[in-house]
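Okay, so here's the structure we're looking at.
Coordinate-derived values only; no laboratory data. No experiment lies behind these values; they were computed from the predicted model shown. Every residue, glycine as well, gets a Cβ built from its backbone with ideal geometry; the counts of neighbours run over all protein chains shown.
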Amino acid sequence: MRNKLNFRATEEAFDSAYFRKYYFNAATRVTTAVEMRGRAQLITAILRHACVPIRSILDAGCGIGLLRKPLATAMPRARYQGLETSDYLCIRYGWIKGSVVDFAARSSSDLVICYDVLQYLDDREAARALSNLAKLTSAAIYVSALTREDWRENCDRTRTDRAVHLRSGDWYRRRLRRHFKYLGFGVWLRKEMAAILWDMERS
């Protein structure tokens, strides 16, 4: 499905104006450092509870790196790498240039994060990105994307970028289940990985 609301071509690198509006300006930003710290703590707690050791992290579509410091605090032994398509961000922060759609890492990471990226890809590229996640991680992924249900019920539309592809949550889940099993709150584990979970903790 191609969203008709001022769609931004994915080939165009997101520039400084985009990040000023959605990340630097307190009046219009979509998230805060406090919220992202909580997200990092949640991801860490789920993986620790499931006894999944994390020594390497790839943040695919890391933006301005709001997860970098809180993940370093929560997982001090894990090496963090940021991956970005934006030339502006790669120059400013030194991220690796690339896309989750086709990025080929020299070695897989224990944890791959793909937060608020997939909605900017059309169906074909989003499906490729979800498949590529299985190649990029040796253990777990954290995935979050704006869905059609979120647009109707959850997000603040005055602060949310409209230039996206809106799909159902089930569209993403069906494709993720080909390679992963769900642990909860956006965290998925490769099917061949053993997770220590009690029966009532399973989804």
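Its Cα centre serving as origin, the chain has a Cβ charge dipole (Lys and Arg +1, Asp and Glu -1) of approximately 220 debye. Debye-formula intensities of the range 16-201, expressed as log10 I(q)/I(0) at q = 0.08, 0.11 Å⁻¹, are -0.24, -0.46 (one equal scatterer per alpha-carbon, no solvent). What share of Cα pairs, in percent, lie more than 23 angstrom apart in the range 68-161? Roughly 33 percent, once rounded to a whole number.
When the Cα positions of 171, 194, 182 are compared along the charge dipole of the range 159-203, 171 comes out farthest toward the positive end, with charges on each C-beta of Lys, Arg, Asp and Glu. Note on the range 120-203: percent of Cα-Cα distances in each 5 Å bin, starting at 0 and stopping at the bin with the largest distance, equals 3, 13, 23, 21, 18, 12, 7, 3, 0.
Within the range 56-188, DSSP assigns beta bridges of which about 20% are antiparallel (rounded to the nearest 5). For the range 100-150, the alpha carbon positions stretch 34, 19, 11 Å along the principal axes, listed from largest to smallest. Here the range 75-118 and the range 45-71 have alpha carbon centers that stand 11 Å from each other.
For the range 118-203, the list of trypsin sites (Lys or Arg not before Pro) that fall in a loop by DSSP and count at most 12 other C-beta atoms within 10 angstrom reads 157, 177, 178, 191, 202. With a simple spin-label model that places each label point 7 Å from the Cα along the Cα-to-Cβ direction, the separation between residue 202 and residue 173 comes to 1.6 nm.
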